[in-house]
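The values are calculated or read from the model by the stated rules, or taken from the named source; none is laboratory data. Please read all numbers here as calculations on a predicted model, not as lab measurements. So basically every Cβ, Gly included, is an ideal-geometry build from the backbone, and we count neighbours across all protein chains shown. For the accessible areas, the whole protein counts, side chains as well, though only heavy atoms, and no ligand, DNA or RNA atoms are used. Shrake-Rupley method; radii C 1.70, N 1.55, O 1.52, S 1.80 Å.
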Amino acid sequence: MASGSRAGWPKASANFNNKYAAPPAAVPRERTAILYPLTNYTFGTKEPLYEKDPSVSARFQRMRDEFDKLGTRRSVEGVLIVHEHGLPHVLLLQLGTTFFKLPGGELQVGEDEVDGLKRLMTEILGRQDGVQQDWMVEDVIANWYRPNFEPPQYPYIPAHITKPKEHKRLYFVQLQEKALFAVPRNYKLVAAPLFELYDNSPGYGPIISSLPQLLSRFSFIYH
């Protein structure tokens, strides 16, 4: 090795890192989430809420048609967390016996993401007595991309894809201490513990099963 050469990544990059390092005050701190017991919430029912498309093939055909006119589809979903027996549970919509999803859906053209998620949450779980639910949409916790007009989605854009067909963003939604939810009759609203979701892609799909890792940066406060 030549005299005076510097070996090893930390030594060679030390000056660069020091030059561009953020000041200590800018280092992100742990995020806090307040969880209330599942028993604090009341679940009523309302008229069924059906998907826009009658089949999976029809859904991807509509996505293909809209992509030619509007480009990448934007969608948002909300992650609502409660606790039961001192364990965090995520609220999921269950359709049939094996399909689970987070509340949310497609954004309208030009619609703000947070406003759109509040609209979708109200359409899906909003009360029927005229009282408006105050959805506290907070942190973005994940981005998922659909590279083709097919079911697979990834938490990154594959190298060979120049424009994904769908961009889905997940938000943490801080629940109020008490609330009334009206659930469409063709769905059930279930509370799934994080330990059941963890590494369980066969049961819940890749997005929902990744929630325990995504939420690990939160410090949960139980009330």
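So which of H223, H167 is touching a residue at least 12 places away in the same chain (Cβ under 8 Å) and open to solvent by less than 50 Å² (accessible area, probe 1.4 Å)? Please lay out each step first, then the result.
Values: H223 fails: open to solvent by less than 50 Å² (accessible area, probe 1.4 Å).
After ruling out the rest, the residue left standing is H167.
Yes/no matrix, rows are residues, columns are (1) in a loop (DSSP other than H, G, I, E, B); (2) surrounded by fewer than 15 Cβ atoms within 10 Å (Cβ to Cβ); (3) not basic (K, R):
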site	(1), (2), (3)
H89	no, no, yes
L92	no, no, yes
M121	no, no, yes
V131	yes, yes, yes
V137	no, no, yes
V140	no, yes, yes
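With respect to L125, determine if the residue is surrounded by 19 or more Cβ atoms within 10 Å (Cβ to Cβ) and either touching a residue at least 12 places away in the same chain (Cβ under 8 Å) or within 14 Å of the chain's Cα centre (by Cα) (or both). Yes; evaluated as a whole, the condition is true for this residue. A residue that is small (G, A, S) and part of a helix (DSSP H, G or I) cannot be found anywhere in region 27-46.
Return the residue satisfying two criteria in turn: it lies in region 171-184 and is out of contact with any Leu (no Cβ under 7 Å at 6 or more places or on another chain) and part of a strand (DSSP E or B), and of such residues it is most open to solvent (accessible area, probe 1.4 Å). Show your work before the answer.
Keep residues of region 171-184 that are out of contact with any Leu (no Cβ under 7 Å at 6 or more places or on another chain), which gives 172, 174, 176-180.
Cutting the leftovers down to part of a strand (DSSP E or B) gives us 172, 174, 179-180.
Working: F172: 2, Q174: 21, A179: 14, L180: 54 Å².
So the residue we want is L180.
Can you find a residue in region 213-222 that is under 19 Å from Y36 (Cα atoms) and of a type in the set (A, V, I, L, M)? Taking every residue of region 213-222 in turn, at least one turns out to be under 19 Å from Y36 (Cα atoms) and of a type in the set (A, V, I, L, M).
Screening G116 against (1) closer than 20 Å to N186 by Cα; (2) assigned to a helix (DSSP H, G or I) leaves a single unmet condition, (1).
Being touching a residue at least 12 places away in the same chain (Cβ under 8 Å) and open to solvent by 70 Å² or more (accessible area, probe 1.4 Å) is true for just one of Y187, Y156, Y145, Y198. Which residue is that? First the steps, then the outcome.
Numbers: Y187 fails: open to solvent by 70 Å² or more (accessible area, probe 1.4 Å); Y156 fails: touching a residue at least 12 places away in the same chain (Cβ under 8 Å); Y145 fails: open to solvent by 70 Å² or more (accessible area, probe 1.4 Å).
Result: Y198 is the single residue among Y187, Y156, Y145, Y198 that is touching a residue at least 12 places away in the same chain (Cβ under 8 Å) and open to solvent by 70 Å² or more (accessible area, probe 1.4 Å).
The number of residues in region 28-76 that are within 30 Å of N148 (Cβ to Cβ) and polar (S, T, N, Q) comes to 5. The residue that is surrounded by the most Cβ atoms within 10 Å (Cβ to Cβ), among those in region 47-86 that are in a loop (DSSP other than H, G, I, E, B) and of a type in the set (S, T, Y), is T72. Every test in (1) more than 22 Å from L95 (Cα to Cα); (2) within 17 Å of the chain's Cα centre (by Cα); (3) open to solvent by less than 80 Å² (accessible area, probe 1.4 Å); (4) at pLDDT 95 or above is passed by D115 save one, and that test is (3).
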